[in-house]
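The values are calculated or read from the model by the stated rules, or taken from the named source; none is laboratory data. Here the structure is a predicted model, which means the values were calculated and not measured. In this analysis, Cβ positions are derived from the backbone assuming ideal geometry, glycine residues included, and neighbour counts consider all displayed protein chains. For accessibility, only protein heavy atoms count, side chains too; no ligands or nucleic acids. Shrake-Rupley method; radii C 1.70, N 1.55, O 1.52, S 1.80 Å.
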Amino acid sequence: MPNCRRSRTRTSADGAPEVPAADQPPWLEHPNLSGLRDRLQLVYDCWSLLKLPDGTSRRAVYLPRGVEEPESCYLQRLEAARPTGFFRDALRTYAGMLSRLQWQELPDSLSRVLTDVDGQGTDLGLFLFLADLLALRDGGCLILLLPPQHRWPSEGDRLEAIARGDRLSLPRLQLVPRGDLLNWRLPTDGGSPALPASGPLAIVWREPRRTALPPRYASGNSSVPTVVLDAHGGLAADLQAWTYRSLSVSDDGLVLQSWLAEPNPAEPSGYSVSSAGPLERIPQRFDLPALWYSADGAAFGEGDLPHLGLAHQYLNHYRCRSEYEDLLSRTALPVGVRTGLVDPYGFRKGDGADGTGASPHRPQRLVLSSSSFMDLPEGASFQWVEIEARSLAEHRAYLQQLEEAMRRDALSPALAGGPARTELEVSLAAGQGSAVLQSLAGQKVSLCSSLLRQWSTITAERLCEGAGACLEVTPLAPPQKPQPTVSEWLQLHERGVVDATELRRQLGLETHGAGAQGDGAG
């Protein structure tokens, strides 16, 4: 971001927004984001099952072609290697543990649009669930409170429009993935005096143009819209496929601008910047309505990826499982071995009378079927050999270790791991996951309080004391098995399944019975 705080809010004489400087295009990325691109792409691939929304497969990136492996065999191996949804299910499990959220004293305007907080029919609980998933996957995400699209000359007209149910007269929430928050500038950055703002001074993000992706293998059907978790495809597409927006703090208030990238061979980058709409001003507002939701409470735009290790385990498991299945298919049947037909260098022996000399050609492939036969020369042999495949056991044991480690890091109890786990056992078995959950719980409660405060500031409502949210972290452990009732224990005793001592112990009568026997003996 440029250091001059008004460099993006200048206007020309006719009031049209000026184009950003050539050395500062809106698609310029912050250094922190540029250093995370590879890791963000990795976790996105794990989330999307190694494919992009347009149907492009990403399996070849993580499952390279072997040395001298035929292309047809490699393509078949890629098609047979199907990734599992373990990584995606693990993040959903984490997000599900943070879903028990109870709101307290919501503003009236927010209560009216609780099932449509973004203007597209998204419920507030689902909106925050998607934010949890993005924070768990990418380490953080941006939540914007966009101003109302309808402006009214007086407060009475605005309240009347809200009473009629005009959704465009209220703010809208927007979720921006971390990979789409391109740039930002904080008050602590040098070169600008301090402003009365508690958040960033300027942010630049991108949004995909509203062109839905057509369904794969379909013709003549309507396009299918995509959600925020998969709409961007992980990979940075063509620059002209995005709409770039900027929200900055000026001397008069907030300024919102939009740009497009147009192809221009005269520019060094190949693109020129053009305005995508009129400049919008929000006067008397000096606090940017942008909230950063991170998993570890990091500063704005920063934060580590909490499940990067789980993503690497997932990819390692994917490669090892592919090798195991390929090896298993190769060793399922015996192979034919012919000897004495080639020399030690792999060339076919000559057909001369003396049997000497070597042909420059490789031996032809031998095809066997029910109607085929072959004549072997003297000294040659053919036999079926059973492959021992001693590495199969090693691959199987390594796969089991990987699966156990992945279940431990993902808080997923093993299906055959004995009795159900309690909350304490889950926390002890996954210390890192428990820390992430507790940190996210605190971050989410603080986010909800800031969200309500920003909303009430935009709508000019009075926020009630104690407004906010209460969150209870609930680990998803298997339910405890129900214990038999008293009548069921008596029936088991009558049938001779349990003896009298076990019956007294289960009913809590062991101590009383012992005392009674002692009194009788005395």
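Details
- Considering residues of region 500-522 that are exposed (fewer than 11 other Cβ atoms within 10 Å of the Cβ) and assigned to a loop (DSSP other than H, G, I, E, B) only, the residue modelled with the lowest pLDDT: Gly522
- The residues of region 159-185 that are small (Gly, Ala, Ser), free of Cβ contacts under 8 Å to residues at least 60 places away in the same chain and open to solvent by 10 Å² or more (accessible area, probe 1.4 Å), listed by number, are Ala163, Gly165.
- Residue match in region 73-88 (condition: closer than 30 Å to Asp45 by Cβ, open to solvent by 70 Å² or more (accessible area, probe 1.4 Å), modelled with pLDDT under 85 and more than 25 Å from the chain's Cα centre (by Cα)): yes
- The set of residues in region 26-54 that are within 21 Å of Arg319 (Cα to Cα), surrounded by fewer than 18 Cβ atoms within 10 Å (Cβ to Cβ) and not charged (D, E, K, R) comprises Gln41, Leu49.
- Scanning region 280-333 for residues that are part of a loop (DSSP other than H, G, I, E, B), farther than 30 Å from Leu133 by Cα and among the small types (Gly, Ala, Ser) turns up just one, Ala332.
- Residues located in region 266-296, provided they are aliphatic (A, V, I, L, M) and surrounded by 13 or more Cβ atoms within 10 Å (Cβ to Cβ): Val273, Ala276, Leu279, Ile282, Leu288, Ala290, Leu291, Ala295
- Taken over region 153-176, the residue count meeting the criterion of being under 22 Å from Pro289 (Cα atoms) and of a type in the set (S, T, N, Q) is 2.
- Test: residue in region 423-445 that is part of a loop (DSSP other than H, G, I, E, B) and either open to solvent by 60 Å² or more (accessible area, probe 1.4 Å) or at pLDDT 55 or above (or both): no
- Leading residue by the ranking (nearest to Leu33 (Cα to Cα)) among those in region 112-140 that are in a loop (DSSP other than H, G, I, E, B) and among the charged types (D, E, K, R): Asp118
- Within region 446-488, if we keep just the residues that are surrounded by 12 or more Cβ atoms within 10 Å (Cβ to Cβ) and of a type in the set (Val, Ile, Thr), the residue that is modelled with the lowest pLDDT turns out to be Thr474.
- Tally, over region 242-279, of residues that are touching a Ser or Thr at 6+ places or on another chain (Cβ under 9 Å) and under 25 Å from Ala135 (Cα atoms): 5
- Taken over region 139-158, the criterion of being open to solvent by 10 Å² or more (accessible area, probe 1.4 Å) and either among the hydrophobic types (A, V, I, L, M, F, W, C) or closer than 30 Å to Cys46 by Cβ (or both) is satisfied by Leu146, Trp152.
- Meets criteria (within 29 Å of Leu308 (Cβ to Cβ), open to solvent by 10 Å² or more (accessible area, probe 1.4 Å), without any contact (Cβ under 8 Å) to a residue 24 or more places away in the chain and not hydrophobic (A, V, I, L, M, F, W, C)) for Thr188: yes
- Cβ-Cβ distances below 7 Å connect the following pairs, each with a first residue in region 448-460 that is over 19 Å from Gln102 (Cα atoms), a second residue that is among the small types (Gly, Ala, Ser) and open to solvent by less than 20 Å² (accessible area, probe 1.4 Å), and a separation of six or more residues or different chains: Thr459/Ser109.
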